[in-house]
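The next block holds one structure in the form of structure tokens; read it before the comments.
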Amino acid sequence: MASIYNCHECGTDLNLRTVHMYPPEVYFEAGNKGTLSFSTVDATKFKFVKEDKIRPFFETLDYWGIQRKRTKIKCSNCGKLVGYIYDDGVPLSDHPGQFHFGPSQVIPRAPRYRFKTKALRITSEN
């Protein structure tokens, strides 16, 4: 059964597809608590605003940094913030990484569209 994802503020259909959703057991460095992550989205339904801040930030106790580069995802209809784009998706190459320790930040990664569940109204398709 498929789900329909609407903006919680204005009710606009965001055209998010369940087939593009990452499984809930997939681990991401930026975390996934209270969010849904998708591999692709319909860009016509959103406004993208780049954010580049240089100050300490904490996603989790084990994941923190100094410079945060991410992109805000806003509903194109009402302008409400619904999520962020992170570059911690699947690696774009099968390179084993430096010293074969796995993919690192040097290896380009696919974008991950991370939506806040509080910003979405989720209904089941009948």
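Any read-out appearing in this document is the output of simple, stated calculations on the displayed coordinates, not a laboratory observation. The model shown is predicted, which means the values in this text are computed figures rather than measured ones. So basically every Cβ, Gly included, is an ideal-geometry build from the backbone, and we count neighbours across all protein chains shown.
A few points about this structure:
- Listed cross-link partners LYS33/LYS116; LYS50/LYS74; LYS53/LYS116; LYS80/LYS118 are compared with a 18 Å cut-off, the Cα-Cα value being larger for LYS53/LYS116.
- Approximate spin-label separation VAL19-ASP52, in nm, with each point projected 7 Å along Cα-to-Cβ: 3.7 nm
- Amide H contacts of GLY89: ALA110, ARG112, each under 5 Å away and 5 or more positions distant or on a separate chain (H built 1.01 Å from N in the peptide plane; Pro and chain starts excluded).
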